[in-house]
Amino acid sequence: MSDFSAVADRGDTAIRFTNVHKWYGSFHVLRNISLTVGRGERIVVCGPSGSGKSTLIRCVNRLEDHQRGSIVVDGVELTDDIKRIDEVRREVGMVFQNFNLFPHLTILENCTLAPIWVRKMPKRDAEELAAKLLARVKILDQANKYPGQLSGGQQQRAAIARALCMTPKIMLFDEPTSSLDPEMVKEVLDTMTALAQEGMTMVVVTHEMGFARQVADRVVFIDRGEIVEVNAPGAFFDHPQHERTRLFLSQILH
Amino acid sequence: MSLEPVAYVRTAPEPEEPPPLLSRGGLAWIRANLFSSIGSSLVTIGCVALAAYLLPHLAAWATTRAIWSATDGAVCRQHQDGACWAFVVAKWDYLRFGSYPVAERWRVDVVEAIGAALVVWLLWMNAPRRSWGALLFFVVYPIVALILLRGSSLVGLPIVDTLLWGGIFVSLLTAVVGIVFSLPLGVLLALGRRSPLPVVRMASVVFIEFVRGVPFITILFMANNLLPLFLPEAWAPDRLLRPLAGIAIFSAAYMAEEVRGGLQSLDRGQYEAAMALGLNYPRMTALVILPQALTLVIPGIVNNFIGLFMDTTLVSVVGVTDFLEAMNNAIKDPVWAGPTILTTGYVFAGIFYFAFCYGMARYSAHVERTLAKGRR
């Protein structure tokens, strides 16, 4: 596995995986992962289902732990130390496949919960910030509704706004469009594209190859727990080098 | 081969029409629910006939043929086809207060009135400043109630030994103490049972399974007889306090399992989203997990409350005179002895317990509906 620091050196390092291994029981789910994500870089991670791509980005905010190697996020190495984990989680936003909005809170309350309780922001300021971000994802008019009253696309945009309310330095997206009805995929991708254009560091697990081509700085292809190929999107899609990459692309690009 | 043409383009919109008459309104409901088949029609007619036969009889027993006022059991002994409410009226003070000294009973009235006002404040969901109500009810009220009921030389109220406490007020006291302590204790046990720390988890499991595996009466006897043995004599808890602790502990174990069910039915994504936002365990639990888990298990929790309220009648086995025990004592009074006294007394006790339990059930249904509004 070669090092990509040459590419990442454009800014400082946001995330650095060094020889990371992870097992579920005896199943070796991540194998010797080394990857450096620079500040402001947009990485798209793709691969067949069960390849470990979700596990990989869930390691970044320690929703999963790793057993060997090191992961450094925003200068903090992730260990069992809860303080470090909290420190990392404050700076890393995450958007999930199933939105995971809190159904007992309104959209506005979903957005202000963490700023108020984690950042200790006064309620008024948190609401102002939330309103600004909800306006940016174009659902300010839904602020006082409950998640169950919104469409899937609106819920996912609310989830993006909720994560942004913590003013994170890094955003993780775990298949953000996979459980959306087809007509709602675009509104979420547009939101993500806008975010990328503002310079947010993003790691996105997705099957949306159009998005990858348009937005990503690099595409990482993972199969069977190992990184198989990394390249700029143009080269990745037009001239895949590894046979497994070619097979994967032929299966998803009909 | 299709008989329709291959291509079709709509030219005029399909008009919106109301549903047919027989499929809406009361008529449709009656047809669907009461007379959907011959069998269901027969059951409907049979039930209506039975009710028409029984209800007037019961109503007459309880009202027109009942004795409403008398000074002793003589009149009731002559009219055996009606209830003897005069007996309940005559014993009312004893049923409410037990042997609490007559001159001091106003103190119980005051405690009950304050308690009722605070409970209404707390249960009325749109009431102003409910957090103040909670503070008053859970912190200030217990202290005030204890001083008033037991008395204190500091405020010049004579001491009334708990041996003399009895009747409805002891039943309510037992139920309220049980409810107020068992829910938080149950929540802690449920969280403990799901804790990643093995010691905490094991302790919770042992406690819950032990208490659930033992009949309530055994717990009461143990609280009553064993607790004093383990503690120095000066610390020996009050005779009334022991069954109160027993009932809170007993109910907490069942509450814990109820709450655990709610915790388990929450999606893992809720925990993950809370963690990803940087919420630590206490905040995640208090702000995200418990509000959802508890809402999900309101029916079960209220079911436990109702069971707890019924179980308060068992404290009589360790010598506490609750309402039912007071009724038992009253029934034994030779002045009122008569064939209708027993029935009247227990029917009244039944109405009392039913009123409270049905009230709780209705309130929980109301809360569920309110919380369900606007959510999935």
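Side notes on the structure shown:
- D (Stokes-Einstein, µm²/s), Kirkwood Cα radius, chain A, 1.306 mPa s at 10 °C: 85 µm²/s
- Among B:17, B:112, B:258, the residue with the largest mean-square fluctuation in a Gaussian network model of chain B, with springs joining Cα atoms closer than 10 Å, is B:17.
- For the protein assembly as shown, pairs of C-alpha atoms spaced more than 47 angstrom apart make up 41 percent of the total.
- Distance between the pseudo-spin-label points of residue B:36 and residue B:71 (7 Å out from Cα toward the beta carbon): 6.2 nm.
- Per-residue accessible area (protein heavy atoms, 1.4 Å probe) orders B:346, A:146, B:358, B:100 as B:358, B:346, A:146, B:100, starting from the largest.
- Computed FRET value (nearest 0.05) for residue B:238 with residue B:127, which takes r as the C-beta separation and R₀ as 45 Å: 0.85
- The mean number of partner chain beta-carbon atoms within 10 angstrom of a residue's beta-carbon across peptide A:110-116 is 3.
- Residues residue A:169 and residue B:159, FRET efficiency given R0 of 60 Å [Cβ-Cβ distance, rounded to 0.05]: 0.35
- Share of alpha-carbon pairs per 5 Å distance bin for the range B:134-196, given as whole %: 4, 14, 17, 21, 16, 12, 7, 5, 3, 1, 0
- Charge tally around residue B:316: other residues with Cβ under 15 Å, Lys/Arg +1 each, Asp/Glu -1 each, net 0.
- Prolate/oblate/rounded call for chain B, Cα gyration tensor, a/c under 1.5 rounded: oblate
- Mean residue ellipticity (222 nm) of the protein assembly as shown, computed from DSSP H runs ≥ 4 via -39,500 (n - 2.57), nearest 500: -16500 deg cm²/dmol
- Sites residue B:358 and residue A:132, calculated FRET efficiency, Cβ-Cβ separation with R0 56 Å, nearest 0.05: 0.65
- Length-normalised contact order for the range B:239-307 - Cα pairs under 8 Å, 6+ apart - percent: 44 percent
- Alpha-carbon gyration tensor eigenvalues x 5, square-rooted, for the range A:105-239, Å: 30, 16, 13
- Prolate/oblate/rounded call for the range B:8-161, Cα gyration tensor, a/c under 1.5 rounded: oblate
- Beta-bridge orientation, the protein assembly as shown: approximately 50 percent antiparallel, per DSSP, counting only bridges with both partners inside.
- Chain B, relative contact order in percent, only Cα pairs under 8 angstrom and at least six apart counted: 19 percent
- Gap separating the Cα centres of the range B:1-47 and the range B:323-354, nearest whole Å: 54 Å
- Largest-first ordering by accessible area, 1.4 Å probe, given options B:210, B:87: B:210, B:87
- The range B:25-78 shape via C-alpha gyration tensor axes, a/c threshold 1.5: prolate
- Per-residue shielding of A:98-108, expressed as the average number of other chain Cβ atoms within 10 Å of the residue Cβ, stands at 5.
- Mean separation of Cα contacts under 8 Å (6+ apart) over length of chain A, as relative contact order %: 24 percent
- Summarising the label geometry, the points placed 7 Å from Cα in the beta-carbon direction at residue B:229 and residue B:51 lie 5.5 nm from one another.
- Chain B: most fluctuating residue of B:77, B:201, B:24 per GNM, C-alpha cutoff 10 Å: B:24
- Area of residue A:209 that stays accessible when all protein chains are in place (1.4 Å probe, Å², to 10): 20 Å²
- Modelled this way, with points 7 Å down the Cα-to-C-beta line, the labels at residue A:123 and residue B:135 are 1.4 nm from one another.
- Sum of side-chain charges, residue B:194 neighbourhood, beta-carbon under 11 Å (Lys, Arg +1; Asp, Glu -1): +3
The values are calculated or read from the model by the stated rules, or taken from the named source; none is laboratory data. From a predicted model like this one, the values you see are computed outputs, not experimental measurements. All Cβ positions, glycine included, derive from the backbone under ideal geometry; neighbour counts span all protein chains shown. The protein model used for the area step is the full one, side chains on, heavy atoms only, and it has no ligands, DNA or RNA in it. Shrake-Rupley method; radii C 1.70, N 1.55, O 1.52, S 1.80 Å.
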